[in-house]
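All of the numbers you see were taken from the coordinates with simple rules; none came from a lab. Everything quoted here is computed from the prediction, not taken from an experiment. All Cβ positions, even for glycine, are placed from backbone atoms using ideal geometry, and neighbour counts span all protein chains on display.
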Amino acid sequence: MKKLNMLIMGPAGSGKGTMSELIEKKYNIAHISTGDMFRNELKNNTELGQKASSYMKAGLLVPDEVTIAMVVKRLNQDDCNDGYLLDGFPRSLVQADVYDAKVIGTPKDLGLVINLTVDEELLISRIENRRICRSCGAVYNVVTLPSKVEGVCDICGGELYQRADDNRESLKQRMASYYEETAPVLEHYRRLGLIRDVNASQSIEEVWADVQKAIDEFLNNEEVL
Ligand code: AMP
């Protein structure tokens, strides 16, 4: 069977985290979220976390060399040999070039890119209402997907928090970074014929159904995309 080496792309609030959790569980592949990795470094107060912190708070991209080194190290780990899901990377053409050069012609070569598309208004309300479990990372929305008990994770009982960068000011900057730096990455993979667009303004169930369809078609298609 074909290996599932894939990216999930989309602006902040498009549901990358939620879909990534579902993909990781169903297809049993390594989930590499650069945002989560940076937040973890920050939590552990490492040098890398401190470097990334001011960029993250401002909604700016962490410099490419720092990000690339972190991802390359992660991709070399054994759990990525049987497929992986990159979430939030590459976010600039420089990152994409280095990543492509690393994987092309190897068993880790990229097969599929899921692109989540959403109306901007919806993104803002999703971001402002987003809450995340401090312990297991599960994602909630206080309006559309609330936890059973306010502030407490349904899955593990952990405390729910709002990300420091989930506010209007930082969101504006994250959107700008997305359109300026990440949109060209999408165009690059579109030219290579790797992109499957999914309408992520739908309900979670509908988006998940479309994502599974795209992945299953990729896995069942014998031809190289
Ligand atoms: P996310 O959780 O994907 O929204 O990422 C949160 C923040 O982490 C971003 O706003 C950036 O500051 C930083 N970040 C995550 N991934 C990358 C990346 N590939 N390149 C640069 N910065 C990143």
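From the list L186, L160, L194, which residue is within 28 Å of G59 (Cβ to Cβ) and touching a Lys or Arg at 6+ places or on another chain (Cβ under 8 Å)? After ruling out the rest, the residue left standing is L160. Residue-level analysis places N44 outside the set of residues that are surrounded by fewer than 22 Cβ atoms within 10 Å (Cβ to Cβ), within 12 Å of the ligand (Cβ to nearest atom) and without any contact (Cβ under 8 Å) to a residue 12 or more places away in the chain.
Taken across the stretch 55-71, residues that are outside any loop (DSSP other than H, G, I, E, B) and of a type in the set (S, T, Y) do occur, with at least one present. Flag not set for D119, criterion: closer than 30 Å to G193 by Cα, touching a helix residue (DSSP H, G or I) at 6+ places or on another chain (Cβ under 6 Å) and surrounded by fewer than 16 Cβ atoms within 10 Å (Cβ to Cβ). Scanning the stretch 63-98 for residues that are under 15 Å from L110 (Cα atoms) and of a type in the set (V, I, T) yields V71, V72, V98.
Quick grid of which residues meet (1) among the charged types (D, E, K, R); (2) farther than 24 Å from A96 by Cβ; (3) exposed (fewer than 15 other Cβ atoms within 10 Å of the Cβ):
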| position | (1), (2), (3) |
| --- | --- |
| E187 | yes, no, yes |
| L194 | no, no, no |
| V207 | no, yes, no |
| A214 | no, no, no |
| N220 | no, yes, yes |
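Do we have L85 as surrounded by 15 or more Cβ atoms within 10 Å (Cβ to Cβ) and more than 12 Å from the ligand (Cβ to nearest atom) here? So L85 passes the test.
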